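Worksheet for the structure shown next.
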Amino acid sequence: QGGEMWLASVGRGPGSCPGGVCSQWRTSLWLTNTGATSTNVELAFLPRGQANPSPQTATVVVPAASTVAIADLFSTTFHLDGVFGALRIRTNGIVAAHARIYDSNVPTSKGTGGAGQDVPAVLYDNAIASGQYTIVPCAAQDAGGASRTNFAMVEVQGKACNVHAELVEETNNGVLG
C-alpha cells in the first residue's frame, strides 16, 4: 500500500488583528497507521508562494495499529514560526492523516480558546489533473449577505500551473448556473 497525501493549507504564525486581538495560527497533525507493522512517514513542508524543489522534511515513526498526534507541528517538528504553505505526506505503510488548523488566541467568555477546522489529507491520486475541474460545495452566505469560505490549493507535480476559480449560484431548479 502506501502513497502520497497532501494538506494544502498548514502553518504557524500571526494572522490578522480584528479589534486589536491578533490571531495565532497553529497546525496539529494526526497520523493513523492501520497496518500490522510500524511505518515511517515522511513530512515535507512546502512554503507558499515559491518553488520547493528541496523542501524541509521530517520523519515520524507510527507504530502498528496506532495514532501519533503532533501538537503544534511547526514548533515541535519543523522548529519554524511565521510560515504558511502545504504539507506533503509520504509513506510505504497504510496511514491516514488529518490536521487541525486553528487560531489559538480566540477570546471567549471563559478565557482564551481556539477555533479552526479539521482537514483530512487528500491522496495524490485524487488531485485534479490538467483540464479537469471540481466543485467545492457549501460556500454560502448568511441572511445579511455576508460570507466567508476558506479555499486552498497546492500544485502537486512541481510544475507551473494556472487555476481558474469561479463562484456559481444554485438556481431554483437545483442546477448550477
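Just to be sure before I move on: is ALA51 out of contact with any Asp or Glu (no Cβ under 9 Å at 6 or more places or on another chain), part of a strand (DSSP E or B) and closer than 20 Å to GLY85 by Cα in the structure I sent? Considered against the rule, which asks whether it is out of contact with any Asp or Glu (no Cβ under 9 Å at 6 or more places or on another chain), part of a strand (DSSP E or B) and closer than 20 Å to GLY85 by Cα, ALA51 comes out as no.
Would you confirm, using the coordinates I've provided, whether THR37 is surrounded by fewer than 18 Cβ atoms within 10 Å (Cβ to Cβ) and in a strand (DSSP E or B)? It is false that THR37 is surrounded by fewer than 18 Cβ atoms within 10 Å (Cβ to Cβ) and in a strand (DSSP E or B). Of all residues in segment 118-133, those satisfying the criterion of being open to solvent by 90 Å² or more (accessible area, probe 1.4 Å) and free of Cβ contacts under 8 Å to residues at least 12 places away in the same chain are ASN126, ILE128, GLN132, TYR133. Among the residues of segment 54-66, those identified as under 19 Å from LEU7 (Cβ atoms) and part of a strand (DSSP E or B) are GLN56, THR57, ALA58, THR59, VAL60, VAL62.
Checking each residue in segment 1-12 for being surrounded by fewer than 16 Cβ atoms within 10 Å (Cβ to Cβ) and either in contact with a strand residue (DSSP E or B) (Cβ under 6 Å, 6 or more places away or on another chain) or modelled with pLDDT under 90 (or both) picks out GLN1, GLY2.
Considering only residues that are modelled with pLDDT under 70 and assigned to a loop (DSSP other than H, G, I, E, B), look in segment 145-168 and name the one that is most open to solvent (accessible area, probe 1.4 Å).
Checked segment 145-168; the qualifying residue most open to solvent (accessible area, probe 1.4 Å) is ARG148.
Within segment 40-55, being surrounded by 11 or more Cβ atoms within 10 Å (Cβ to Cβ), among the polar types (S, T, N, Q) and at pLDDT below 95 holds for one residue alone: ASN52.
Just the residues that are open to solvent by 50 Å² or more (accessible area, probe 1.4 Å), under 15 Å from ASN33 (Cα atoms) and either polar (S, T, N, Q) or in a strand (DSSP E or B) (or both), please, taken from segment 76-100. Within segment 76-100, ARG90, ASN92, ALA96, HIS98 meet the criteria.
Going by the structure shown, is SER23 out of contact with any helix residue (DSSP H, G or I) (no Cβ under 8 Å at 6 or more places or on another chain), modelled with pLDDT under 95 and of a type in the set (Ser, Thr, Tyr)? Answer is yes for this residue. When you check GLN50 against the structure, is it in contact with a helix residue (DSSP H, G or I) (Cβ under 7 Å, 6 or more places away or on another chain), within 29 Å of CYS17 (Cβ to Cβ) and not hydrophobic (A, V, I, L, M, F, W, C), yes or no? In short, no.
Identify all residues within segment 4-23 that are closer than 30 Å to THR91 by Cα and in contact with a Ser or Thr (Cβ under 7 Å, 6 or more places away or on another chain); write none if there are none.
Let us first name the residues in segment 4-23 that are closer than 30 Å to THR91 by Cα, namely 4-13.
Across segment 4-23, the qualifying residues are VAL10, GLY11, ARG12.
The values are calculated or read from the model by the stated rules, or taken from the named source; none is laboratory data. Being a predicted model, the structure only gives us computed values, none of them experimental. Note that each Cβ is placed from the backbone with ideal geometry, even for glycine, and that neighbours are counted across all protein chains shown. These accessible areas exclude ligands, DNA and RNA; they are computed on the full protein's heavy atoms, side chains included. Shrake-Rupley method; radii C 1.70, N 1.55, O 1.52, S 1.80 Å.
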